[in-house]
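Accompanying notes for the structure given below.
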Amino acid sequence: NAGPTSIASLLTCSRASSGYYTKADGTLQNCSSNALRYGTNGLVVEEARTNICLQSSTFASSPWANTNHSGVAGPTLTAGQSAPDGTTTATKFDFPAVSDADYSIYSQTVTVTAAAAYSQSIYVKAATPGDVGSFLVVYANDGAGSWANRITLTSSWQRLTYTGAPSGTSWLFWFGSAGNAISGFANQGAFSALLWGAQLEAGSFATSYIP
């Protein structure tokens, strides 16, 4: 009996870039190019995808922009925050309080192919213990309709995903604080959130984050 054999000695892979592996505790491990992605949750095998959401963790850069309502302050950004992969590439967003018809949001419009399936995803977390229980609205408008999800911030990273098929060639991806008349969710006061890993990819489900 030769004893246990490692996965790496039995399998190989070809991948031009690094890739992420989601560990059992929800944090991410960055695996180098051509390295198998495996660990406590088993082996990850995914089809090739491309993240077409530009500056996916560099939110202070174009094409990301403040799109706050007239008279409402936009969020304040602070880069260099702890991210799910152990780096300091997350961004802290300080959102102001908004009233019923107001919003303070950050957005990017991405060019897509009409009628094809796309999946949007992003990682979010409460910035401080006092922000636990606050609500961040993540939104998508694919031309065929709009989707808004209010996520309750916790002290752990969460990944929020949405899949749709655009009716045209424009996809609006935004997140932030929005009043009831805009988002359909009750208003709230000021809060802070950490965001990282925005992704939009062609496909009917979200794959691991692609920087």
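Meeting the requirement of 1 or more residues that are free of Cβ contacts under 8 Å to residues at least 40 places away in the same chain, the strands (runs of 3 or more DSSP E) wholly within segment 1-106 are 28-31, 76-81.
Kindly indicate whether S170 is closer than 20 Å to T89 by Cα and either open to solvent by less than 50 Å² (accessible area, probe 1.4 Å) or over 17 Å from the mean Cα position of the chain (by Cα) (or both). If you could, list the steps in order and put the result at the bottom.
Numbers: closer than 20 Å to T89 by Cα: no; either open to solvent by less than 50 Å² (accessible area, probe 1.4 Å) or over 17 Å from the mean Cα position of the chain (by Cα) (or both): yes.
The answer is no for S170.
Residue-level check: of (1) out of contact with any Ser or Thr (no Cβ under 7 Å at 6 or more places or on another chain); (2) within 25 Å of Q55 (Cβ to Cβ); (3) surrounded by fewer than 20 Cβ atoms within 10 Å (Cβ to Cβ), A178 misses just (3).
Residue-by-condition table, conditions (1) of a type in the set (F, W, Y); (2) at pLDDT 95 or above; (3) within 16 Å of S56 (Cβ to Cβ); (4) out of contact with any His (no Cβ under 7 Å at 6 or more places or on another chain):
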position	(1), (2), (3), (4)
S134	no, no, no, yes
A140	no, no, yes, yes
S146	no, no, no, yes
N149	no, no, no, yes
T154	no, yes, no, yes
A178	no, no, no, yes
N187	no, no, no, yes
L195	no, yes, yes, yes
L200	no, yes, yes, yes
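Looking at S119, S204, just one residue is hydroxyl-bearing (S, T, Y), part of a loop (DSSP other than H, G, I, E, B) and surrounded by fewer than 21 Cβ atoms within 10 Å (Cβ to Cβ), and that residue is S204.
Among the residues making up segment 107-116, those that are in a strand (DSSP E or B) and open to solvent by 50 Å² or more (accessible area, probe 1.4 Å) are T109, T111.
The values are calculated or read from the model by the stated rules, or taken from the named source; none is laboratory data. These numbers were taken from a predicted model, which means no experiment stands behind them. All Cβ positions, glycine included, derive from the backbone under ideal geometry; neighbour counts span all protein chains shown. Please note that ligands, DNA and RNA were not included when accessible areas were found on the heavy atoms of the full protein model with its side chains. Shrake-Rupley method; radii C 1.70, N 1.55, O 1.52, S 1.80 Å.
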